[in-house]
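Participant: Would you mind keeping the following structure in view while I ask a few things?
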Amino acid sequence: MTAASVVLQYRNVRKLYGDFVALSGVSMEVRRGQVVCLIGPSGSGKSTLLRCTNALETLDGGELLFDGVPLPKEPAAIRKVRQRMGMVFQNFELFPHKTAIQNVMMGPSTVLGLSDAQSRDRAEALLAKVGLVEKAGNYPANLSGGQQQRVAIARALAMEPEVMLFDEPTSALDPETIGEVLNVMKTLADDGMTMVVVTHEMTFARRVADHVVVFDSGQIIEQGPPGQIFDAPHQARTRDFLGHLGWDA
Amino acid sequence: MNLDWSIVPASAGALARGALITIALTVLTMMIAVPCGIGVAMLRESRLRPVAFLATCFVELFRNLPIILVVYWAFYVMPVVFGIAFSPFLTGLVALSLNNTAYNSETFRSGIKSIRRGQTEAALALGMSEAQAFRKIVLPQAWRRVLPVLATTWVTLFKDTSLVSVIAVGDLAHTAMQIRSQSFRVIEMLTAMAAIYWLLGYPQAKIADWIHKKFGVTE
């Protein structure tokens, strides 16, 4: 198999918050169809990198190329880039004043300018895909955490993105609903979606990721296939981190 | 004590006209002060410092002046300083609108601030512009949150419109006071005035209570 084209390329990316160095020179790449999991302790910079990817945060140094083109600065061009990336948040961030299906229709109707019927069709298909057709009329307040996150995934997919960004999608969930969200993500991965996933779910990373990147203190300490990271980590700090999670590397 | 209640039915037409003017003042003031309040709230959050500063000055000035003073000011000072002379009704409307715009802007500002940043980010991540995110996502949620406060402001405003009677606007209070001073039926007219204000105000207060219950606590 020939290597797929690079979709996202991070070159020496730096990000500061005042004196705090959130990212100090991060370089990695994501290829089309790959699932890349970013792991590491809290505050190690993995969420910051994800948020830089769709320009919710601005870079303080280095370069980020999407499809070979550096991320633009002008608002209109940034919006175009964001339309091609879906994002799923830790706290779901569903719009509470809209029903599940209206949440999913929001992007297509507001941003893509699809007709009501067109965006409804698209939204229904996506709710079916995440197994929530019967909840289409529910407001987020009347959905469980796992259901809300599945709607949030459908909402992001409604823009037909080329890349999906997941920012700790299961961290705010009750243990019993984590599985249903991970299953939806697994299905997406199997369909060939390019995914960048910040996660603490090591089993998921191990099973689904093509490439795992380990962060610590704003730097990548190790990256490679899951087999390497989880079974034979090269770095002592990777072993330490996995050991703290109870992972026996 | 010699009471003659016939003055009340005899003045029914005038009182009804006064009540209509009071209601019109309340409705028009809110129709002006709600959008202007949202506008001033947005100006206060402007990235341009001078704009935010001026908006803050406006709010702090009119929020902290007694309405009656603003009414007098609009009536006596505005024509002299700015050369604008409105009818008493318009003058009263301006004064009440200035005061309520200041109040509403604070209401909306706290409502808008109470919507967490993640909501805007979720909208931006879909590819919306900042303006779309504000209009479609933040404002509708803030609106529901501030509705109970707006309802309370409304009820207060309805009663506060009586303050414009000092510039002869012809509202309910002014009309009743006029009839009182012409007929010397003080107790009768003050009682009638109280009854009318209460009968009109009570349902509004009840509606406000209902809004508090319906929209008060969510999440």
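Okay, residues lined up against (1) in contact with a Lys or Arg (Cβ under 8 Å, 6 or more places away or on another chain); (2) buried (at least 17 other Cβ atoms within 10 Å of the Cβ); (3) farther than 30 Å from A:Gly113 by Cβ:
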{"residue": "B:Leu147", "(1), (2), (3)": "no, yes, yes"}
{"residue": "B:Ile179", "(1), (2), (3)": "yes, yes, yes"}
{"residue": "B:Gly201", "(1), (2), (3)": "yes, no, yes"}
{"residue": "B:Ala208", "(1), (2), (3)": "no, yes, yes"}
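Participant: Filter the stretch A:60-73 for residues that are open to solvent by less than 60 Å² (accessible area, probe 1.4 Å) and either farther than 17 Å from A:Met87 by Cβ or among the aromatic types (Phe, Trp, Tyr) (or both) and give the result.
Facilitator: Kept after step one, since they are open to solvent by less than 60 Å² (accessible area, probe 1.4 Å), are these residues of the stretch A:60-73: A:61-62, A:64-66, A:68, A:71-72.
Those that are open to solvent by less than 60 Å² (accessible area, probe 1.4 Å) and either farther than 17 Å from A:Met87 by Cβ or among the aromatic types (Phe, Trp, Tyr) (or both): A:Gly61, A:Gly62, A:Leu65, A:Phe66, A:Gly68, A:Pro72.
Participant: Among the residues of the stretch A:171-191, are any on the phi < 0 side of the Ramachandran plot, within 12 Å of chain B (Cβ to nearest Cβ), more than 12 Å from the chain's Cα centre (by Cα) and open to solvent by 10 Å² or more (accessible area, probe 1.4 Å)?
Facilitator: We begin by selecting, within the stretch A:171-191, every residue on the phi < 0 side of the Ramachandran plot; these are A:171-191.
After this cut, where a residue has to be within 12 Å of chain B (Cβ to nearest Cβ) as well, the list is A:172.
Filter again for more than 12 Å from the chain's Cα centre (by Cα), leaving A:172.
If we keep only those that are open to solvent by 10 Å² or more (accessible area, probe 1.4 Å) too, we end up with A:172.
Yes, that holds for at least one residue.
Participant: Okay, moving on. Being more than 24 Å from the chain's Cα centre (by Cα) and more than 9 Å from chain A (Cβ to nearest Cβ) is the filter here, so list the residues in the stretch B:121-144 that pass it.
Facilitator: Within the stretch B:121-144, the subset more than 24 Å from the chain's Cα centre (by Cα) is B:121-134, B:136-137.
Result: B:Ala131, B:Ala133, B:Phe134.
Participant: With open to solvent by 20 Å² or more (accessible area, probe 1.4 Å) and more than 30 Å from A:Val104 (Cα to Cα) as the only criterion, which of B:Ser162, B:Ser110 stands out?
Facilitator: Numbers: B:Ser110 fails: more than 30 Å from A:Val104 (Cα to Cα).
Exactly one of B:Ser162, B:Ser110 is open to solvent by 20 Å² or more (accessible area, probe 1.4 Å) and more than 30 Å from A:Val104 (Cα to Cα), namely B:Ser162.
Participant: Of all helices (runs of 4 or more DSSP H) completely enclosed by the stretch A:1-120, which ones contain at least 3 residues that are more than 16 Å from B:Leu126 (Cα to Cα)? Before the answer, list the steps.
Facilitator: Values: elements: A:46-53, A:75-83, A:100-106.
Of the helices (runs of 4 or more DSSP H) lying wholly inside the stretch A:1-120, those with at least 3 residues that are more than 16 Å from B:Leu126 (Cα to Cα) span A:46-53.
Participant: Please find, within the stretch A:77-100, the residue that is surrounded by the most Cβ atoms within 10 Å (Cβ to Cβ) out of those that are facing another protein chain (nearest Cβ under 8 Å) and farther than 30 Å from B:Arg144 by Cα.
Facilitator: Here the residue is A:Met85.
Participant: So, A:Phe241, is that one surrounded by 14 or more Cβ atoms within 10 Å (Cβ to Cβ), in contact (Cβ under 8 Å) with a residue 60 or more places away in the chain and more than 27 Å from A:Val21 (Cα to Cα) or not?
Facilitator: Numbers: surrounded by 14 or more Cβ atoms within 10 Å (Cβ to Cβ): yes; in contact (Cβ under 8 Å) with a residue 60 or more places away in the chain: yes; more than 27 Å from A:Val21 (Cα to Cα): no.
It is false that A:Phe241 is surrounded by 14 or more Cβ atoms within 10 Å (Cβ to Cβ), in contact (Cβ under 8 Å) with a residue 60 or more places away in the chain and more than 27 Å from A:Val21 (Cα to Cα).
Yes or no, residue by residue, for (1) of a type in the set (A, V, I, L, M, F, W, C); (2) in contact with an Asp or Glu (Cβ under 9 Å, 6 or more places away or on another chain):
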| residue | (1), (2) |
| --- | --- |
| A:Val104 | yes, yes |
| A:Gly113 | no, no |
| A:Asp116 | no, no |
| A:Ser119 | no, no |
| A:Arg122 | no, yes |
| A:Ala125 | yes, no |
| A:Lys129 | no, no |
| A:Val133 | yes, yes |
| A:Gln147 | no, yes |
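Participant: Can you tell me which residue in the stretch A:101-125 is nearest to the other protein chains (Cβ to nearest Cβ), limited to those that are open to solvent by 30 Å² or more (accessible area, probe 1.4 Å), out of contact with any Leu (no Cβ under 9 Å at 6 or more places or on another chain) and under 27 Å from A:Leu173 (Cβ atoms)?
Facilitator: A:Gln102
The values are calculated or read from the model by the stated rules, or taken from the named source; none is laboratory data. Just so you know, these numbers come straight off a predicted model, no measurement behind them. Neighbour counts are summed over all protein chains in view; Cβ atoms, including those assigned to glycine, are modelled from backbone coordinates with ideal geometry. Side chains included, ligands, DNA and RNA excluded: accessible areas come from the protein's heavy atoms. Shrake-Rupley method; radii C 1.70, N 1.55, O 1.52, S 1.80 Å.
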